[in-house]
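To keep things clear, I will list the structure first and then write my remarks on it.
The values are calculated or read from the model by the stated rules, or taken from the named source; none is laboratory data. Given the structure is predicted, the values throughout are model-derived calculations rather than measurements. Cβ coordinates were reconstructed from backbone atoms using ideal geometry, including for glycine residues, and neighbour counts include every protein chain displayed.
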Amino acid sequence: MNLNRTGRVGALCWVAAVPIFLVASLVTGLRWRDPAYSWAIHNISDLGNAHCGIWDTTRPRYVCSPWHPLMNAAMLATAVLLAAGLLLTWRLLGRGIVVRSAQTLLLLAAGGYALAALNPADVDENRHVLGAFLIMGVGNVGLLIAGFAPNTTVLGGWRGLTLAAGLTALAGTVLFFAQQGLGIGVGGMERVAVLPFPVWACCLGALLTETPADRPARNRSAAAT
């Protein structure tokens, strides 16, 4: 398989998505004061909350994120990069109902990042929760389905990586909604549910960028003669 220019741009979009998300999470969290931000205790959404105060009736905790605009902007950028990567590699990854179903569900998950970013939990909880459902529910099912892509497709070539990501994400989702931290905290478990998709996309994008570039038609014709 040779990678055309469109596919390479899509792969690079995927590679960029995770660093932007993780760096923003780290920097935004470091700006918290009294209490400090904890990846084990606090949700990802807490970084994007626009107001200070006690939040969440299930696990009440004080939330105050001074740099919430940075986190929400990073989440929106992540959504755009994930969606762009999917659309630009759409034909490259293969054909068939399994591949197209996976791509469609993952595209909805990318939209979930945008929905959550544009609607912080303390501003519009319903839309934010819908965004979270698209990420952790719809997207993770799509990721698992992608693991069953036929071996004849490009996507099927990385079945082990994809199945590992999908199973991890779904397990994290179930445990997160059951409020089970298993030693890493409920906040940590949310990350187990959320991060596999963008991390998988980053890994797949890196693998794709190592693929030889598609030669222009003129060069192929010259080679044939």
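Examine segment 19-34 for a residue that is more than 29 Å from Gly142 (Cα to Cα), more than 14 Å from the chain's Cα centre (by Cα), of a type in the set (Val, Ile, Thr) and not in a loop (DSSP other than H, G, I, E, B), and state whether such a residue exists.
The initial filter retains those residues of segment 19-34 that are more than 29 Å from Gly142 (Cα to Cα), namely 27-34.
With the extra rule that they be more than 14 Å from the chain's Cα centre (by Cα), the set shrinks to 27-34.
Retained after the next criterion (residues that are of a type in the set (Val, Ile, Thr)): 27-28.
Next, from what is left, pick out any that are not in a loop (DSSP other than H, G, I, E, B): 27-28.
Within segment 19-34, one or more residues are more than 29 Å from Gly142 (Cα to Cα), more than 14 Å from the chain's Cα centre (by Cα), of a type in the set (Val, Ile, Thr) and not in a loop (DSSP other than H, G, I, E, B).
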Next item on the list: Would you be able to tell me the number of residues in segment 118-144 that are more than 15 Å from Pro198 (Cα to Cα), touching a helix residue (DSSP H, G or I) at 6+ places or on another chain (Cβ under 8 Å), surrounded by fewer than 21 Cβ atoms within 10 Å (Cβ to Cβ) and of a type in the set (A, V, I, L, M)?
Entry: 2
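Taking segment 33-51 as the region of interest, how many residues are over 13 Å from Gly187 (Cα atoms), in contact with a Phe, Trp or Tyr (Cβ under 8 Å, 6 or more places away or on another chain) and at pLDDT 95 or above?
Of the residues in that region, 1 qualify.
Is it the case, given these coordinates, that Ala193 is in contact (Cβ under 8 Å) with a residue 12 or more places away in the chain and more than 29 Å from Tyr37 (Cβ to Cβ)?
Numbers: in contact (Cβ under 8 Å) with a residue 12 or more places away in the chain: yes; more than 29 Å from Tyr37 (Cβ to Cβ): no.
So Ala193 does not fit the description; no.
Out of the residues in segment 52-79 that are among the hydrophobic types (A, V, I, L, M, F, W, C) and part of a helix (DSSP H, G or I), state the one that is surrounded by the most Cβ atoms within 10 Å (Cβ to Cβ).
Of segment 52-79, the ones among the hydrophobic types (A, V, I, L, M, F, W, C) are 52, 54-55, 63-64, 67, 70-71, 73-77, 79.
The next check asks that each one be part of a helix (DSSP H, G or I); those that pass are 70-71, 73-77, 79.
Values: Leu70: 18, Met71: 25, Ala73: 15, Ala74: 24, Met75: 28, Leu76: 16, Ala77: 18, Ala79: 24.
If we take residues in segment 52-79 being among the hydrophobic types (A, V, I, L, M, F, W, C) and part of a helix (DSSP H, G or I), then Met75 is surrounded by the most Cβ atoms within 10 Å (Cβ to Cβ).
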Check: Quick one: what pairs do we get from segment 46-73, first residue within 21 Å of Leu26 (Cβ to Cβ) and touching a residue at least 60 places away in the same chain (Cβ under 8 Å), second surrounded by 13 or more Cβ atoms within 10 Å (Cβ to Cβ) and among the polar types (S, T, N, Q), C-beta under 6 Å, 6+ apart or different chains?
Finding: Gly48/Asn72; Asn49/Ser65
Notebook entry, point to check: Can you name the number of the only condition in (1) in a helix (DSSP H, G or I); (2) touching a residue at least 60 places away in the same chain (Cβ under 8 Å) that Ala40 fails?
Noted result: (1)
Next item on the list: May I ask you to say which residue of Leu155, Leu182, Leu161 is at positive phi and modelled with pLDDT under 95?
Entry: Leu182
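Test Leu82 against the criterion of being surrounded by 15 or more Cβ atoms within 10 Å (Cβ to Cβ), modelled with pLDDT under 95 and either among the aliphatic types (A, V, I, L, M) or over 30 Å from Leu208 (Cβ atoms) (or both), and give yes or no. Full working, then the answer.
Details: surrounded by 15 or more Cβ atoms within 10 Å (Cβ to Cβ): yes; modelled with pLDDT under 95: no; either among the aliphatic types (A, V, I, L, M) or over 30 Å from Leu208 (Cβ atoms) (or both): yes.
Answer is no for this residue.
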Next item on the list: Take segment 156-177 and flag every residue that is out of contact with any helix residue (DSSP H, G or I) (no Cβ under 7 Å at 6 or more places or on another chain) and within 18 Å of Arg61 (Cα to Cα).
Entry: Phe177
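Among the listed residues Gly139, Gly147, identify the single one that is within 20 Å of Leu93 (Cα to Cα) and touching a Ser or Thr at 6+ places or on another chain (Cβ under 7 Å). It would help to see each step written out before you state the result.
Numbers: Gly139 fails: touching a Ser or Thr at 6+ places or on another chain (Cβ under 7 Å).
So the residue among Gly139, Gly147 that is within 20 Å of Leu93 (Cα to Cα) and touching a Ser or Thr at 6+ places or on another chain (Cβ under 7 Å) is Gly147.
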